[in-house]
Amino acid sequence: MVKKLETIDIKILECLDQYGPRNLSLIARNLGIPRDTVEYRLERMSTLFSLHPTAVVRASKIGMKTALLFVSSSPRFKEALIECVKANDYWRYLSQIYGNTEGVLVFYNIPLEHTRNFEGFFYLLKSLKFVKNSKLYWTTGFKTINPTMKWFDPNSGRWILKWKEWINEMALLEPEMPPTFEEPKDYSIEADYIDMFILSRLEINGRVSFKEIAQKLGITPAAVSYHYNKHVLKRGLIKEWNITIRRFEGDSDRFFFFFKFNSEEEMTRFAFSVQDKPFLYGLRRICGENSLIAHLGLPPGEFRMFLQSLSHLIKMGFLQSYDYLLEDYTTALGRTIPYRYFQKGEWKYNHKGHIRELMKITEVQKMIELHVAGQEYFQ
């Protein structure tokens, strides 16, 4: 018997997005089903469809700005390039990408007062001999696009991509700017070390028990509960919940798309049109621009249809242009917020240490180049 998602599963996923994965009793009451049924359905989706809910931290509430770094090089220097971008230990997500050139795409959370230092790190990185191309963007926070009933077919138990419907829908929207895409007016640190640790665990598993967190911190579960309810929730340190689940049969190709718009209205209309679509995982806005960065997944055979849809949107005036990179998500790496560097109410940012580490990597790379050159000379 083929296992498939059912309507009740999708409704539970929608409630997870709204109420979070720690409010199963509330989800059960809203759906009018027993809590045990919610538990069973979640376990089933975890086993069969890789369901994994995690917290998305509001970076501005912990004094951080988000940066996207793209660096390309020849395949020969791939390993060295990865080590170079990791020399700054505030990286959060790293993935190898393919397009006109091969390289890496990395997201960082940088303490506000050290953004200039990070830009210095970037300019040194881009000056390295083996770096072909590089770009740095400051972005807003990540807006997750979680699964909904939109385009879900109960009969097949999967999502059907309806490209013409999406195009027609665009013209009817009258959206307002989502708060997620507004650049924060204030960056403040509204968390202590315990809060930071709790957030880091919720970024790994949104349903982790307070007992497990308490054991690692050496405090009581009651103390963890207090920090979670009075600090993490009450102060809005969690922006939203990311409900990861396998959305299509087989492996989907994953991409990072860069969309440019002629106006903020066009950008907002586009963002609203995809906020409930199953092919999108999340969106970010490039600060100071009418541009969006989208992380999406497409089943085999749908990529061409998606590009055709984008061409229609350009002709209709809803999109100026786009570019994209293919992601090798099998090599992607992720890290929690760097809570170990949060000491006495502030972030410890070792700029000189990052530079030293970067230079050490490049010196080793020079030795490798000399060794290879010497071998070629004597052959």
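The values are calculated or read from the model by the stated rules, or taken from the named source; none is laboratory data. Just so we're clear, the structure is a prediction, and the values are computed from it rather than from any experiment. Virtual Cβ from ideal backbone geometry, glycine too; neighbours counted across all protein chains shown. Quick note on the areas: whole protein, heavy atoms, side chains included, nothing else; ligands and nucleic acids left out. Shrake-Rupley method; radii C 1.70, N 1.55, O 1.52, S 1.80 Å.
Structure summary
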read-out	value
Some residue of segment 52-64 being farther than 16 Å from Leu202 by Cβ and more than 18 Å from the chain's Cα centre (by Cα)	yes
Test: residue in segment 197-205 that is aromatic (Phe, Trp, Tyr), in contact with a Leu (Cβ under 8 Å, 6 or more places away or on another chain) and open to solvent by less than 20 Å² (accessible area, probe 1.4 Å)	yes
Among the residues listed as Leu319, Leu325, the single one being crowded, with 16+ Cβ neighbours inside 10 Å and assigned to a loop (DSSP other than H, G, I, E, B)	Leu319
Pairs with Cβ under 6 Å, 6+ apart, first in segment 74-100 and open to solvent by 60 Å² or more (accessible area, probe 1.4 Å), second at pLDDT 90 or above and outside any loop (DSSP other than H, G, I, E, B)	Tyr93/Phe107; Tyr93/Gly334; Tyr98/Leu326
Pair list, Cβ under 6 Å, 6 or more apart: segment 124-135 residue closer than 12 Å to Gly103 by Cβ, other residue of a type in the set (D, E, K, R)	Ser134/Lys126
Any hit, segment 140-161, residues being touching a strand residue (DSSP E or B) at 6+ places or on another chain (Cβ under 8 Å), in a helix (DSSP H, G or I) and touching a residue at least 60 places away in the same chain (Cβ under 8 Å)	no
Segment 139-181 - residue that is over 25 Å from Gly288 (Cβ atoms) and hydroxyl-bearing (Ser, Thr, Tyr) and, of those, modelled with the highest pLDDT	Thr148
Test: residue in segment 300-307 that is open to solvent by 20 Å² or more (accessible area, probe 1.4 Å), free of Cβ contacts under 8 Å to residues at least 60 places away in the same chain, part of a loop (DSSP other than H, G, I, E, B) and over 30 Å from Met149 (Cβ atoms)	no
Residue, nearest to Met316 (Cα to Cα), within segment 242-267, restricted to residues that are among the acidic types (Asp, Glu) and open to solvent by 40 Å² or more (accessible area, probe 1.4 Å)	Glu265
Matching residues, segment 32-73, being open to solvent by 50 Å² or more (accessible area, probe 1.4 Å) and on the phi > 0 side of the Ramachandran plot	Gly32, Ser50
Tally, over segment 182-191, of residues that are more than 23 Å from Ile293 (Cα to Cα) and either of a type in the set (Lys, Arg) or open to solvent by 40 Å² or more (accessible area, probe 1.4 Å) (or both)	2
Near pairs, Cβ below 8 angstrom, 6+ apart or cross-chain, from segment 171-184 (in contact (Cβ under 8 Å) with a residue 12 or more places away in the chain and within 9 Å of Lys143 (Cβ to Cβ)) to any residue that is open to solvent by less than 100 Å² (accessible area, probe 1.4 Å) and assigned to a loop (DSSP other than H, G, I, E, B)	Pro178/Gln275; Thr180/Thr140; Thr180/Gly141; Phe181/Thr140
Selection from segment 109-132 of residues that are open to solvent by 50 Å² or more (accessible area, probe 1.4 Å) and part of a loop (DSSP other than H, G, I, E, B)	Ser127, Lys129
Of all residues in segment 215-256 being in a strand (DSSP E or B) and among the basic types (Lys, Arg), the one that is nearest to Lys11 (Cα to Cα)	Lys239
